[in-house]
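The values are calculated or read from the model by the stated rules, or taken from the named source; none is laboratory data. Model, not experiment: these values are computed from the prediction. Cβ atoms come from the backbone with ideal geometry, glycine included; neighbour counts cover every protein chain shown. Areas reflect the complete protein model, heavy atoms only, side chains present, ligands, DNA and RNA absent. Shrake-Rupley method; radii C 1.70, N 1.55, O 1.52, S 1.80 Å.
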Amino acid sequence: MQARRLLPFLLLLLPGLALAAEWRAVPDEMPLQQVLEAAAPGDTVRIAEGVHLGNFVIEVPLTLVGEPGAILDAQRNGSVLTINAPGATVRNLHLREDGANLDALDSGIFVATEAADVLIENNRIEARGFGIWLDGAPDARVIGNRISGDESLRSQDRGNGLHLYNATGAEVRDNEVSGARDGLYVQVSNHNQLIGNYLHGQRYGVHYMFSQNNVVRDNVTRDNRLGYALMQSRGLEVVGNRSERDQNYGFLMNFIVDSLIAENVAIEAQRGLAAGTQAGGDGHAISGNEGKALFVYNSLFNQIRDNLFAHTEIGIHMTAGSEDNEFHGNAFVGNETQVKYVALREQEWSFEGRGNYWSDYLGWDLDGDGLGDIPYEPNDSVDRLIWTYPMAKILMNSPAVQVLRWVQREFPILRPPGVRDSHPLMALPDWMAEEVQ
């Protein structure tokens, strides 16, 4: 009787080829895991409306599709769905109540190493642990999913929305992640693409660690504690992304080498709370709580061009030997401090006769070529004094400080090495002007 109840409706694919079956799992009638075990490669399993309880495993390359109202519920134990088969497809499901054991990698969807070429599309995942974990599985496509974390847990007790571990060739596109620990975490994973994702209301929007030759393009982070945390990686292509109202940092580069940071927008980075007092009390704030559009730490040989850094406390903060980077075409608009950096040697921030736009530039353009006739130098020894001794700010308008700045202008030999833009731009590019209107 049970075997009869599991008979599928057979669909003829092409004359002369084997038949593919379509199954339908119904709560309390046709258990889902039993259907998954009976299905053959190439079959389609449809999940009927209702709550399907358990921990489900796909062992053959099949297509798993949820009908409206279909819910997979792990009852707060383990992963909801584990994919062990290459070529499997999972779409239109609602997955919830996975376990919260991060050591066990409890996930809404766990993709094992052998599960190459999977497609995970248009699912709704309410995660207590990780939303989706790609465990070394190559060439995965993760498209159009909505993932949320359990905000009743402390931030450090939640998993990441989407975690790539030792993954290659992944396409992560048009997903929305909120309330997780980090939205997209890329760890020792190379040659992947993160495109068009929306990441909001968590610790880091995008987090890279020890990864190479990845593309991060057209993503949006908003209201996170940090927008894009790019760390210990090389060969990144970070283009066309946005950071809006992220705390502390819009973009952070920590030991980033040979990468392209271009055509991004970091606007209204917020002053964060002190470490240990952020939401959830997890103390993950990085030292220094000014809002910074871009923070660059010990990062070399990068091309940073045509970005907009606007309406923050610090446009760019650079430190720890971040030299030999190429800066040009960027716009610094309405930041309280445009640049915080005093180098050991002068850093020229123009390239082939084209510099950056500075909203506080007071120079002129007598020949009308669109470039300032005098260089822009954002920092001097007074800035160094104030950064070293913050209480010295009370002397900013004193006659002594004004005389010191006059002396530095008249006798440049007394000026400490730092940033110099020899060809500042006189006007914003049109697309940037629209952003700051």
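Of the peptides 61-73, 290-302, the ranking by mean beta-carbon count within 10 Å, highest at the top, reads 290-302, 61-73.
Across segment 156-198, what fraction of all alpha-carbon pairs, as a whole percent, falls in each successive 10 Å bin from zero upward? Each 10 Å bin holds this share of Cα pairs: 30, 53, 17. Its relative contact order, with pairs defined as Cα atoms under 8 Å and 6+ residues apart, puts segment 295-365 at 32 percent.
Of the listed residues His207, His423, the order by accessible area with a 1.4 Å probe, largest first, is His423, His207.
Coupling constants for segment 24-31 follow from the phi torsions by the Karplus curve (6.51 cos²θ - 1.76 cosθ + 1.60, θ = phi - 60°), and in residue order they are 9, 8, 10, x, 6, 10, 10, x Hz; glycine and proline get x.
Descending by average beta-carbon neighbour count within 10 Å, the peptides 91-99, 29-37, 41-49, 163-171 line up as 91-99, 163-171, 41-49, 29-37, the highest first.
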